[in-house]
Structures are given as structure tokens and as C-alpha cells.
Amino acid sequence: MNDAKSQIELLRTQIRQHNHRYYVLDDPSVPDAEYDRLMRALQALEAQHPELLTPDSPTQRVGSQPSSAFAEVQHRIPMLSLANGFNEGDLQAFNRRVQERLETDSVIEYVGEPKLDGLAISLLYERGQLQLAATRGDGLRGEDVTANIRTIGSIPLRLMGHDYPQLLEVRGEVYMPKAGFERLNRQQLEAGEKTFANPRNAAAGSLRQLDPRITASRPLAMYSYGIGDMEGDLNASTYAEIMHKLGQWGIRISPEMALLKGADECMDYFTEIGQKRESLGYDIDGVVFKVNRFDYQDKLGFVSRAPRWAIAQKFPAQEEMTVLLDIDVQVGRTGAITPVARLEPVQVAGVTVTNATLHNEDEIRRKDIRIGDTVIVRRAGDVIPQIVGVIKDRRPQQARLFEMPAHCPECGSAVVRIEGEAVSRCSGGLFCPAQRKQALFHFASRTAMNIEGLGKKLIDQLVEKELVHSPADLYQLSLEQVTALPRMGRKSAENLLHELEQSRTTSLSAFLYALGIREVGEATARNLAEHFGTLEALMAADEESLLSVEDVGPIVSGHIRSFFAEAHNREVIQKLREAGIHWPAVVQRAPQNLSLAGKSFVLTGTLSSMPRTEAKKQLQALGAKVSGSVSKKTDFVVVGENPGSKADKASELGLSLLSEADLLTLLQ
Ligand code: IVH
């Protein structure tokens, strides 16, 4: 008994501290999943010992005190929370409870919509004019953030149409789109300011600025998910009808919203949104299901500050915490030395994570990450796991600072860091086996020389047995040498030699890309090939003529010139050509004859008639430039199914959007 009491007290103290960090300081101390675990543990204990429940328990309130800097606002109707579901069983149980309370066996209609990961907002419209905007705060009292909210483009200052009620309180979630978040963090970095751990923190930090001009510069947006108080006539008997009306009055509502019949359709919707999650352009942490009929909602009512008519079905958490055991370094193709975190294995969103990239030394310093620290690891979709922050309260005394090694762990050459660059590099060049292996792997890759079967393991062996030093040596390999390698049958060896033989016929642009010149990607290689026509012309090019090539600025032109200035590189090229590498003459087309000459395109989303790579090829054949990112210079953005954040950015910039049908017309 006593045990339970002290355990409850301990949990409450921890949760209160986390609440304060999260709600008041905008600086969460633990990932949400950990917070949820503490809360659930406390709820379970309180359920077992109802005599220990007190009104001030964190389970009895929604958030925490508003900070003192903004005027306090008393909510006309409390802003409540949602019950959570974590698996299919929870959702089925929710649906059964709804049916039981409504005393019906018939299939219940729900509305499903994404659960946005931002912060709740209440917008009060009087006679259609935005009068007051308030954060949720503790659910009863929030903060007056009207001046800041007025700077958000997607929130109307006055409602459209005429049939809105006299007084209408719109509720919704303010969030920061992922593209905007990344841009903001880049700007913060450049300005030497603190970066944000995730879009939600960035949204909260941006909305709670005392200077609205700062908020105005931040890319915030809002989706509405319902109404609060209301005076006047609404003439709606379902949630879906109200949302439709809000849409007509100019309030943003989720385009993903769907009407669903019964728990099974809800489960399908949950899976569907889960698959779309990465391409939505903003963070969501689950799906909310709401009983559609208002008479049903009224009958169901509320329990402990959450409606019985709704459930938040959560995705597995994308952030977890674990211990940073050590920091190793990896050597890349261009000698870049990247620190890699070795982690105590932890499950994040269904995958065991043991490593995370730390980018570079500055990043480690900025985040104040030390070996031995408890860190927060984030893994979103296919993205490489990252360390978003450190839990400083848990830092052990013996925690160590990371030091960049002075010598390359692979070849012992000096590690250098050029003034003004964030990256440290091994100075060994192709003398360094790690760099050599990576360079060969790049050389053989599909979009370079396309040598199928020459994978990482085989390259490791060829380099370690000193059979291959440079790409040119690949073409001198004999059948005996290859067959003698461990686990290499005669047939596989023959196949490899055949592949090498085939790769001798290539294109100038693939060859240039395969050389692995710093910052010369596929697109730049193609531009260079088209511009100069021959390898000799490119090798002889001066700075000025390089700068006249599309996409080539002073940095890239510097890399190209120093690559060809290196005697060793010229020798390898010479040997490759002697080995019979050749390509057809480049046809330098007169761009003015082409219908899309000079036009710049960006493709986003899935096309149904052809893969994006094919569309890209066809556009380029008509003289268009196809770029990977949207900017002011973009002329057209082609939007396919499930477009990414590029489509949002394009609309933000007011660019012309083309559908797939428009694209097909253009290509004809
Ligand atoms: S409905 C009565 N719908 O989740 C409850 N909430 O955990 C009204 N949220 O405070 C909330 N997306 O900030 C609702 N589509 C959505 C939501 C959503 C995000 C947030 C909201 C709320 C919290 C509850």
C-alpha cells in the first residue's frame, strides 16, 4: 500500500516536471512515448487505488500553467483531450463501447482525420471577424496569442459567405510543414541561433513569440478539427456537415477527412493514412476517429476530460530514448569523416536502431552530445535515424566529449578541416582504402558505369587483396584472379568479366558522373557533357567557360578544375580510355529549337502513366530543365498522386501547378 503511494507520488512529480518543460518552457525533456508510458503507469495505479486519487493529479488535468508573458484567456468551453488507442484491439473496444452506450447493434458512422502534431488553438469569430485566438493552456485557461495568429496566412481574419453564426469558436491545430521546418532550421543554423528538435517544437516556439513579427516570418499553418462555443444557427446534425460549412467559410479543413462505417473501415483508413504519412508534408502522430452524428455525441458525453465519442489511434512512436555508447567515425568517398553514434539497441517505430549519423563535429557540439548521455533518437519512415537531443538531467558524471581523430582510422593519413567547412576529411585521397572502396562502389553503380554484380563485398575483397587500386584496374582483371577470390564460382567470375566488358560502352555523362568529382551529380554531369561535347574540351576548360554551364557555380567549377589538375586522376582517365571505355559522340542540340527550352520543371508525387524518371527524360528531351527542388526560378510543378511538400511549397510561392494530364499534353 505504502509502496503504491510512494510510487504514485514519484510518477506525479516526474509528470509535473515534464509538463512544465513541455507546455511552459517549450523544451520537452523526454520523448512523447516516454511521457505516455509514465502517464499510463500512473493511470493504472490510480485505477487500482482509487482512494489515492487527488484532484491535483496530472491525470486530472490536460496541460499545465500558461506562461505569464501573454494575457490569460478563460475558455468559454474547456478544451479537452482525447483518449488514445495503440492497437486494433483498442479501436474495436472503443467501437463496442460506443454501440453499448447507444444501445444499438447498427454500424456506427465515424469521421476519420489525421491527428496533427502541432498545438491546439481556439479562434473566436464574432460576426465573422476574428476577435480572439488562444492556446489550449491547461484546457480551462490559455494564452491570448491573437496578434501572432493574425500573421498566419491560412487563418482567415474574416469568414467568407454570410450564413455563419453570430459567434463561432473554431478549433484546430497550428503546425509547421516539414519543408518549412527544415528551411527554418537551416536559417537558424546560419544565424547561429538554436535549432528546433522537431516541427511541433518549432510551431510552439514560433507561436509563443512576444514579437509577432518573428511569428510572421515562420511558416505556420492550421487545419481545423471542430468547433467550440457557438451562438446562432448552425443547421447541422453531423460533424461532417459542420466541417463542410467551415470549409465554405474559408477555414482550412483536412483534405484527408473521410466518412467511415464501423471499426473495420476505420482500421483500413488508419493503415492507408499510415502509408501516406511520409508524403503528407506535415507531421502526424495518428488518426482521430469521431462519431459523426451529434445526437449520438450528446448521448455519449464525456469521461475524465475526454469525449466518449472520439479516439486518437496512435502510430508507433518515432522518438525513443536510449544511451549513446560511443561515437565512431566513417570515411566516405570524398574522404569526409562522419561521426556515427553507437547506441544501446532501441526499438523506434518498429525497427531496432543501433546507429545514428551525427553529421559533423559542430553538430555534436551544438547539441552538446556526450558519450554516455541518454539521447532522444528519431526515425521517421525511411529516413536514417537521427539524434534530436540529449536528456541533460540524466548525464552521468563520466560522460565524455567527442574528439575528432587526428588521423584517418582507415589509412592513418592526417585528418584536415578546411577553414569555413563543417566537414573534416581524410587527406589520404585514393591512397586511403576506405575512400578507394567507396569510389569504386560509386564508379560501378547503376547510374554511373552500371557494372552489375560489383557490389560492396566484392570491392572490399578486390581492394584488400590489392588487385584493384583505381577504377582502371577493374578492366585488367583476369578470370583466374577473380575465380581465386573467396566464395567466387567460375560462373559468377565470368559474369563479372562480361559485365565489365559491357560497361566499356557508355555515355560521356555517365562516365563523368562515375569519376566521382566532388559535387558533380548526375544532372551536372549531363549538363557538362552537353555543354562541352567532348572529354578533352571539358578537361581543358577554364573557370569562365565552366561557370557558363547550367548549375555550375564557383565551388563546383573549383572542384572540377582541381580534379583534372591532379596528375593521378588524369592518369586513371588515360588508362580507362586505353582499356576501351568509349561513348558515342555527344549531340549538342540547339536549345532554341526545342519547345520547352529554358523552362524549369519540378516533379512531385506518383504519375500513373509512367515512372517519374521517364517523365524527366522526356521533358529534358524537349529542352526543359528538371530540378529536384522548388524555388522561385521554377516555372512549372507537375503534381502526381500523393504529392510531397514540394507541392505545398509551390503553392506558397504561387507557382503554376500542372496535373499529369497537362504534362501528357505538353509532352505530345
Ligand atoms: S479533436 C475534444 N481532432 O490532439 C477533443 N484533435 O490529444 C477535440 N489534435 O488537443 C480534439 N489533430 O490538439 C482532434 N484531427 C484532430 C486532431 C486533434 C490533432 C490534437 C488536439 C488535441 C489533442 C488531443
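The values are calculated or read from the model by the stated rules, or taken from the named source; none is laboratory data. Bear in mind that the values here come from a model prediction, so they are computed numbers and not experimental data. FYI the Cβ positions are ideal-geometry reconstructions off the backbone, even for glycines, and counts take in every protein chain you see. Remember, those area values only see protein heavy atoms, side chains included, never the ligands or the DNA or RNA. Shrake-Rupley method; radii C 1.70, N 1.55, O 1.52, S 1.80 Å.
Among the helices (runs of 4 or more DSSP H) contained in region 170-270, which hold 3 or more residues that are open to solvent by less than 40 Å² (accessible area, probe 1.4 Å) and of a type in the set (Gly, Ala, Ser)? Walk me through how you get there before you give the answer.
Values: elements: 178-190, 199-207, 212-216, 239-248.
Correct list: 199-207.
When you go through (1) open to solvent by less than 60 Å² (accessible area, probe 1.4 Å); (2) under 21 Å from His442 (Cα atoms); (3) part of a loop (DSSP other than H, G, I, E, B) one by one for Leu528, which number turns out not to apply?
With (1) open to solvent by less than 60 Å² (accessible area, probe 1.4 Å); (2) under 21 Å from His442 (Cα atoms); (3) part of a loop (DSSP other than H, G, I, E, B) applied to Leu528, the lone miss is (3).
May I ask you to list the residues in region 434-462 that are crowded, with 18+ Cβ neighbours inside 10 Å and either among the aliphatic types (A, V, I, L, M) or on the phi > 0 side of the Ramachandran plot (or both)?
Ala434, Ala439, Leu440, Ala444, Ala448, Met449, Ile451, Leu454, Leu458, Ile459, Leu462
Looking at region 418-433, is at least one residue assigned to a helix (DSSP H, G or I) and loosely packed, with under 12 Cβ neighbours inside 10 Å?
Among the residues of region 418-433, not one is assigned to a helix (DSSP H, G or I) and loosely packed, with under 12 Cβ neighbours inside 10 Å, which makes the answer no.
Might you check whether a residue that is touching a residue at least 60 places away in the same chain (Cβ under 8 Å) and either closer than 27 Å to Gln275 by Cβ or in a loop (DSSP other than H, G, I, E, B) (or both) occurs anywhere in region 598-617? If you could, list the steps in order and put the result at the bottom.
From region 598-617, those touching a residue at least 60 places away in the same chain (Cβ under 8 Å) are 605; that's our starting set.
Checking which are either closer than 27 Å to Gln275 by Cβ or in a loop (DSSP other than H, G, I, E, B) (or both) leaves us with 605.
Yes, because at least one residue in region 598-617 is touching a residue at least 60 places away in the same chain (Cβ under 8 Å) and either closer than 27 Å to Gln275 by Cβ or in a loop (DSSP other than H, G, I, E, B) (or both).
Which of the residues belonging to region 363-378 are open to solvent by less than 60 Å² (accessible area, probe 1.4 Å) and either hydroxyl-bearing (Ser, Thr, Tyr) or closer than 20 Å to Ser424 by Cα (or both)? First the steps, then the outcome.
Let us first name the residues in region 363-378 that are open to solvent by less than 60 Å² (accessible area, probe 1.4 Å), namely 363-364, 367-369, 371-378.
Residues satisfying the conditions are Glu363, Ile364, Lys367, Asp368, Ile369, Ile371, Thr374.
Given the structure, is Val638 assigned to a strand (DSSP E or B) and either touching a residue at least 12 places away in the same chain (Cβ under 8 Å) or closer than 30 Å to Leu430 by Cα (or both)?
Values: assigned to a strand (DSSP E or B): yes; either touching a residue at least 12 places away in the same chain (Cβ under 8 Å) or closer than 30 Å to Leu430 by Cα (or both): yes.
Yes: the conditions hold for Val638.
In region 366-414, which residues are outside any loop (DSSP other than H, G, I, E, B) and farther than 20 Å from Val30 by Cα?
First, pick out the residues of region 366-414 that are outside any loop (DSSP other than H, G, I, E, B): 366, 371, 374-378, 386-390, 392-394, 400, 407, 414.
Scanning region 366-414 gives Arg400, His407, Ala414.
Can Glu143 be described as part of a strand (DSSP E or B) and away from the ligand (no atom under 11 Å from the Cβ)?
yes
Yes or no, residue by residue, for (1) within 15 Å of the ligand (Cβ to nearest atom); (2) at positive phi; (3) of a type in the set (Ser, Thr, Tyr); (4) touching a helix residue (DSSP H, G or I) at 6+ places or on another chain (Cβ under 9 Å):
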{"position": "Met79", "(1), (2), (3), (4)": "yes, no, no, no"}
{"position": "Gly89", "(1), (2), (3), (4)": "no, no, no, no"}
{"position": "Asp105", "(1), (2), (3), (4)": "no, no, no, yes"}
{"position": "Ile108", "(1), (2), (3), (4)": "no, no, no, yes"}
{"position": "Ala120", "(1), (2), (3), (4)": "yes, no, no, no"}
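Got a sec? Which of Arg127, Arg136, Arg97 is touching a residue at least 60 places away in the same chain (Cβ under 8 Å), basic (Lys, Arg) and away from the ligand (no atom under 15 Å from the Cβ)?
Numbers: Arg127 fails: touching a residue at least 60 places away in the same chain (Cβ under 8 Å); Arg136 fails: away from the ligand (no atom under 15 Å from the Cβ).
Among Arg127, Arg136, Arg97, only Arg97 is touching a residue at least 60 places away in the same chain (Cβ under 8 Å), basic (Lys, Arg) and away from the ligand (no atom under 15 Å from the Cβ).
Please give the number of the condition Gly192 fails out of (1) on the phi > 0 side of the Ramachandran plot; (2) within 13 Å of the ligand (Cβ to nearest atom); (3) of a type in the set (Gly, Ala, Ser).
The single condition Gly192 does not satisfy is (2).
For Arg183, all conditions in the list (1) within 16 Å of the ligand (Cβ to nearest atom); (2) out of contact with any Phe, Trp or Tyr (no Cβ under 7 Å at 6 or more places or on another chain) hold save one; what is the number of the exception?
Failing condition for Arg183: (1).
I'd like to check something: does region 50-73 contain any residue that is of a type in the set (Lys, Arg) and either away from the ligand (no atom under 16 Å from the Cβ) or at pLDDT 90 or above (or both)? Show your work before the answer.
Pass one, region 50-73, residues of a type in the set (Lys, Arg): 61.
Within this subset, residues satisfying the condition of being either away from the ligand (no atom under 16 Å from the Cβ) or at pLDDT 90 or above (or both) are none.
The answer is no; no qualifying residue exists.
For region 289-308, which residues satisfy the criterion of being within 13 Å of the ligand (Cβ to nearest atom), in a strand (DSSP E or B) and of a type outside the set (A, V, I, L, M)? Steps first, please.
As a first pass, look at region 289-308 and keep what is within 13 Å of the ligand (Cβ to nearest atom): 289-291, 297, 300-308.
With in a strand (DSSP E or B) added as a condition, the list becomes 289-291, 302-303, 306-307.
Answer for region 289-308, where residues must be within 13 Å of the ligand (Cβ to nearest atom), in a strand (DSSP E or B) and of a type outside the set (A, V, I, L, M): Phe289, Lys290, Phe302, Pro307.
Are any residues in region 505-525 within 33 Å of the chain's Cα centre (by Cα), open to solvent by 10 Å² or more (accessible area, probe 1.4 Å) and of a type in the set (Gly, Ala, Ser), and if so, which ones?
Within region 505-525, Ser509, Ala510, Gly516, Gly521, Ala523 qualify.
Counting only residues that are surrounded by fewer than 19 Cβ atoms within 10 Å (Cβ to Cβ) and within 16 Å of the ligand (Cβ to nearest atom), which one in region 309-344 is nearest to Arg395 (Cα to Cα)?
The extreme case among them is Phe315.
Got at least one residue in region 574-587 being open to solvent by 20 Å² or more (accessible area, probe 1.4 Å), basic (Lys, Arg), closer than 26 Å to Ser645 by Cα and in contact (Cβ under 8 Å) with a residue 60 or more places away in the chain? Can you show your working first?
Filtering region 574-587 for residues open to solvent by 20 Å² or more (accessible area, probe 1.4 Å) gives 574-575, 577-578, 580, 582-587.
With basic (Lys, Arg) added as a condition, the list becomes 575, 577.
Subset that is closer than 26 Å to Ser645 by Cα: none.
Taking every residue of region 574-587 in turn, none turns out to be open to solvent by 20 Å² or more (accessible area, probe 1.4 Å), basic (Lys, Arg), closer than 26 Å to Ser645 by Cα and in contact (Cβ under 8 Å) with a residue 60 or more places away in the chain.
Give region 652-668 a look and list any residue that's open to solvent by 70 Å² or more (accessible area, probe 1.4 Å) and either within 21 Å of Met610 (Cα to Cα) or hydroxyl-bearing (Ser, Thr, Tyr) (or both), or say none.
If the condition is that a residue be open to solvent by 70 Å² or more (accessible area, probe 1.4 Å) and either within 21 Å of Met610 (Cα to Cα) or hydroxyl-bearing (Ser, Thr, Tyr) (or both), then Leu657, Thr665, Gln668 are the ones that fit.
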